[in-house]
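The values are calculated or read from the model by the stated rules, or taken from the named source; none is laboratory data. A quick note: this is a predicted structure, and the numbers were derived from the prediction, not measured. When we count neighbours, we look across all protein chains shown, and the Cβ atoms used for this are built from the backbone with ideal geometry, even at glycine.
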Amino acid sequence: MGKDLCEADAEVWALYEEANEVLGYDLQRLCFEGPEDELRLTQNTQPAILVHSVATWAQVVKGGLKPALLAGHSLGEYSALVAAGVLTFADAVRTVHKRGLFMQQAVPPGAGSMAALLGVARQDVDALCAEFGSGGVLQAANYNDPGQTVIAGETNCVKAATVAVKSRRLGRAIPLKVSAPFHCRMLAPAAGCLADVLAPVACGAFEYPVISNVTAAPHPSPDAVKGLLVEQVCAPVRWEESMRYAVSQGCDALLEVGPGKVLGGMMGRIAPQVEVMAVSEAAVG
């Protein structure tokens with residue numbers, strides 16, 4: 001991941017070298033050579049995706065692009081804050097590495113899980129969380145688009161909800177292969193640890209507005225950034241609302257920067273009239 005970009009651009013190579021120095025291990029080698037099971041550890045995956053996204057964004061801005069708004073889904077909010085000049089690259093790499101480590105440590109393996117609910121109405125999702133989370137933890141974790149909501153919580157609660165989705169013919173439920181139940185209150189210990197890591201971090205002025213996952217509106221000020229990033233750990237990602245906000249502000253074309261095209265697919269179900277182009281290393285190489 002990112003190898004073609006790195007070999008083609010000295011600026012990108014420098015980003016990977018800076019990330020290696022910040023982390024104290026060879027992230028570059030891990031991204032390019034693996035082993036894949038080590039790269040999939042969330043404390044490695046999070047900085048790997050951030051570096052790739054920032055490297056891709058560096059290629060985009062060389063063309064003089066000036067966005068009206070920036071947004072990122074969960075981890076992607078950190079990349080957006082780097083692109084907006086609020087977080088330094090080094091601070092973001094260091095923070096997301098710790099964020100991944102804290103998330104992994106917060107919940108014992110197998111104790112928590114996540115599932116994507118497809119075609120399940122919002123009111124039914126809320127009712128399922130209330131019913132099967134009454135004796136444990138079950139929350140909506142990602143409001144991705146009108147047809148997809150992700151739930152997270154204790155594994156037995158998530159499993160009971162997915163069985164109910166099928167038996168009641170509410171839609172489809174797909175268990176997700178994740179290392180932790182992200183964006184639910186089981187990760188409260190991770191949020192507390194993240195607050196300590198963010199405490200000394202300086203936040204610069206916004207060059208561009210960045211939509212917060214927590215509020216589905218732009219961060220009101222640099223002073224509010226760290227609190228919202230801590231809150232984001234246990235709060236649902238309000239992606240559908242975030243994108244509707246962007247559309248309401250006149251955004252009629254979006255770039256999906258970084259690996260994958262998942263967000264473009266979501267946007268097609270949120271506001272199909274909006275043009276979306278995915279920009280990865282293949283597109284800019």
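Looking only at residues of the range 55-91 that are in a helix (DSSP H, G or I) and modelled with pLDDT under 95, we find that the one that is surrounded by the fewest Cβ atoms within 10 Å (Cβ to Cβ) is 61. Put simply, of 256, 207 the only residue that is within 28 Å of residue 139 (Cα to Cα), acidic (Asp, Glu) and not assigned by TED's automatic domain parsing to the domain that holds residue 148 is 256.
Criterion applied to 57, 13 was being within 22 Å of the chain's Cα centre (by Cα) and of a type in the set (A, V, I, L, M, F, W, C), and the one residue passing it is 57. Looking across 101, 138, 128, one residue alone is out of contact with any strand residue (DSSP E or B) (no Cβ under 6 Å at 6 or more places or on another chain), closer than 20 Å to residue 191 by Cβ, without any contact (Cβ under 8 Å) to a residue 60 or more places away in the chain and of a type in the set (A, V, I, L, M). It is 101.
State which residue is farthest from the chain's Cα centre (by Cα) when the search covers only the range 241-261 and only residues that are touching a residue at least 60 places away in the same chain (Cβ under 8 Å) and under 27 Å from residue 48 (Cβ atoms). Residue satisfying both the conditions and the ranking: 246.
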